[in-house]
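Note sheet for the following structure.
The values are calculated or read from the model by the stated rules, or taken from the named source; none is laboratory data. Keep in mind it's a predicted model, so treat the numbers as computed, not measured. Cβ placement follows ideal geometry from the backbone for every residue including glycine, while neighbour counts extend to all protein chains displayed.
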Amino acid sequence: MISIYTRLLLLSLFITALFWQQLAAQSVNTYGHADNVVLRSPPVHNPTQSIHYHISFDSIHPVLDTFYNPNYSKYISTSTKYNYLAVYSDKDGDLKLYGANVPSKVNDSLTNYVFIWNEGGQLIDSLGAHLTQSIHINKGYLWPLVAVPMPGSSDYIYLFKQPRISSGSHQIHTAPRRFRWSLVDLSANNGHGGVVFDSQIFSSDTLYFNAVALTKHANGRDYWLVSKRHQSRKFVAYHIQPGGVVDTVYSEAGRLVLTTLSTQHGRLFDFSPDGRWLADNVAEYHNGDTLQLLNFDASTGIVSDSNARYVPMFNPFDGIGSPNMAGFSADTRYVYVYHQATFGRLYQYDLSTPDQQFFMNSRVLIHDALQGGFSPAYLHTAANQKIYSRSYNLPGWGMGLHSIESPGTYGIACQYQDTSFLIEYYHSTTHDYEFCQFPKFASSWLKEPLDFSYSHVCAGEGTPPTHFAFTDSVVDAFWSFGDTLAMGADTSNLFFPTYHYNHPGDYHVWAKALSYGMWDSISKVITIHPSAQVALGPDTVLTGNDSLVLDAGPDHISYNWSTGDSTRTITLYGNQLSPGDYMYFVEVTDTNGCTGTGSIMVTYEEDTTSIIQKAREPLWEVFPNPCKDNLHIKFPQSMAWGQANLRLYSSEGKLLRKWDIPAHTHHFTLDMSAYSIGIYWLELSTSDTIKRKKVVKVINM
């Protein structure tokens, strides 16, 4: 790695300090998330008012906001046929900034201006003078633009641009095409936005025109701005870091195609959403196109061809040819390639195949314009995980978007649709024929932001721990559960961790994970609730025909008594009890899903009036007590009942097992060998009585 420490010239010290301060305090994902596309088309009848089409793709169906923007220079030219835009949206998908090349005639000379608007469509600079680079251009062939948020900041946005020099009807490629950068502060001028620095030289490398692609660094914070050196196999990756630091990485990969200077044509140079594939055919032209899908390491910035895929140049025998545009499914399983030389055929290729031959064998024809419909050209993967293609302005039809509705699905099930979304209907040719490109931005923004789910939000002894899980697949993870009382012991590297909170309250949970080759982070405040509260009252003594109502309290959604009841209250009757101690308990669940238990000891004592009657009642014997393995229950001959139930409870009142006892059973044996030593409760219930005994399990008798 070669470090040139290009600190994005003229950054002031206070801004640098601010960046590091924001970075140190950052725990929430504040990186760009491009759910928005802005297209424009100036009508011939009023060229100073450009139609702006703001399309949001964060829903199943695109949402269109069409408006006339009068904030253009009065010198605007109508001769442009192509237009590059830069778009930046925040992590919530809200449009924050967009910019466009605007050709203007000054003294009969066509000069290129860059105009920047905020989310309200207001021009950030009155004439765009701070972002002006006066270079003579021909017929509106403009610069590629790309917006990059400064790592660690949500207000500062870089605009990178690459000049293109023209003369006559062909491009002149002998002049250097070096990146320039400008810096926009979205918070300046009371939130209106302002230009901090303008048109600074970014790099001395001479690059192919339109060879610009952007993806997230593997650390989830920084960015890679990648390009390709002129007439070579050498790729240049600029590592954009906080504080204006940039490292430059060079690597060689792919095929070298030496075309003549007059036929080099910038076409496709873009990353897959996971940053692992770099699609490149910028050095090709028409029937000479070979699309190469090279490998990219988002940790090192190295471009390689160790596992590359190639879509070959035009072959008249199979009629494939000229793969000049491509788009990736959001999961990077499939790549869709538009073959221009075959009059608009669209093919699907499977990137999960093990080698080049399997890759070519996976080709499936998705759409053939020769069989009807339109030719899908520039392919754009949107945030709703569909792929769109901008249609041309066709008289009597209009301007719209073709789409691939399910690009992650194999074959024609991906559902290609002609003009599935109509932007504007044209009745005639009165509109200017302008083709507006989709913006260049980091396709890794289209990956769903890192998120996690959690369940069981109750504190206290005996409650289940809180369960955490990422909502997407990850390959590495780190968690901090926000429990300051744990003194640093509240962390985990598991994918599905659990953590037991001892105290209720609000906790700031922070997690980061390596997903699709990039690190990302997320922070949430979760509320841990106390255990459900139950009070059954003090231990009580019953005598004679006394009764007692046990109330587990209101505001619970479920009740589970040791008697098998599921109501809020139960009533105990003394005449149904034998002399002895009885433990009653209940488990409740409140509206937060938290559980709680309550118990009460009820002692039944005979009065003198019932001694004779009670003496006649049969007794049941439980032996040996304490026991080691088997516990025997003996019922007297005189005891007659229908079917009875026998239950074994833990000392805390948890039901461990239940047996159905047939009528007229005289002896029953319980196997206690599987239970640990301790105290248990044995309960016998019939249709007219409930009897309980305390039993003890020991190791040795």
### Query
What are the pairs, 6+ residues apart or on separate chains, where a residue within region 207-229 that is over 13 Å from GLN162 (Cα atoms) has its Cβ under 7 Å from a residue that is of a type in the set (Gly, Ala, Ser) and surrounded by fewer than 21 Cβ atoms within 10 Å (Cβ to Cβ)?
ALA218/SER299; GLY220/SER521
### Query
Which of the residues belonging to region 667-693 are under 27 Å from LEU572 (Cα atoms), acidic (Asp, Glu) and within 57 Å of the chain's Cα centre (by Cα)?
GLU683
#### Entry: Subset of region 342-361 [among the small types (Gly, Ala, Ser) and more than 16 Å from PRO323 (Cα to Cα)]
SER352
### Query
Within region 424-453, can you find the residues that are part of a strand (DSSP E or B), at pLDDT below 85 and out of contact with any Lys or Arg (no Cβ under 9 Å at 6 or more places or on another chain)?
GLU424, LYS440
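For region 526-555, enumerate the residues that are without any contact (Cβ under 8 Å) to a residue 40 or more places away in the chain and of a type in the set (A, V, I, L, M).
VAL549
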## Note on the structure
Scanning region 472-489 for residues that are polar (S, T, N, Q) and modelled with pLDDT under 85 gives SER473
### Those residues of region 296-338 which are modelled with pLDDT of 80 or more, in a strand (DSSP E or B) and closer than 17 Å to SER389 by Cα, in sequence order
PRO323, MET325, ALA326, GLY327, PHE328, TYR334, VAL335, TYR336, VAL337, TYR338
### Message
Could you check region 176-196 and list, in sequence order, the residues that are hydrophobic (A, V, I, L, M, F, W, C), closer than 18 Å to SER154 by Cβ and surrounded by 19 or more Cβ atoms within 10 Å (Cβ to Cβ)?
### Response
LEU183, VAL184, LEU186, VAL195
### Query
Out of all the residues in region 653-660, is one or more over 30 Å from PRO465 (Cβ atoms), touching a strand residue (DSSP E or B) at 6+ places or on another chain (Cβ under 9 Å) and modelled with pLDDT under 80?
no
#### Entry: Of residues in region 271-285 being part of a strand (DSSP E or B) and either at pLDDT below 75 or hydrophobic (A, V, I, L, M, F, W, C) (or both), the one farthest from VAL212 (Cα to Cα)
TRP277
### Task
Within region 80-100, identify whether any single residue is assigned by TED's automatic domain parsing to the domain that holds SER391, at pLDDT below 70 and farther than 17 Å from LEU39 by Cβ, and answer yes or no.
no
#### Entry: Count of residues meeting criterion [among the hydroxyl-bearing types (Ser, Thr, Tyr) and farther than 19 Å from THR597 by Cβ] in region 514-560
7
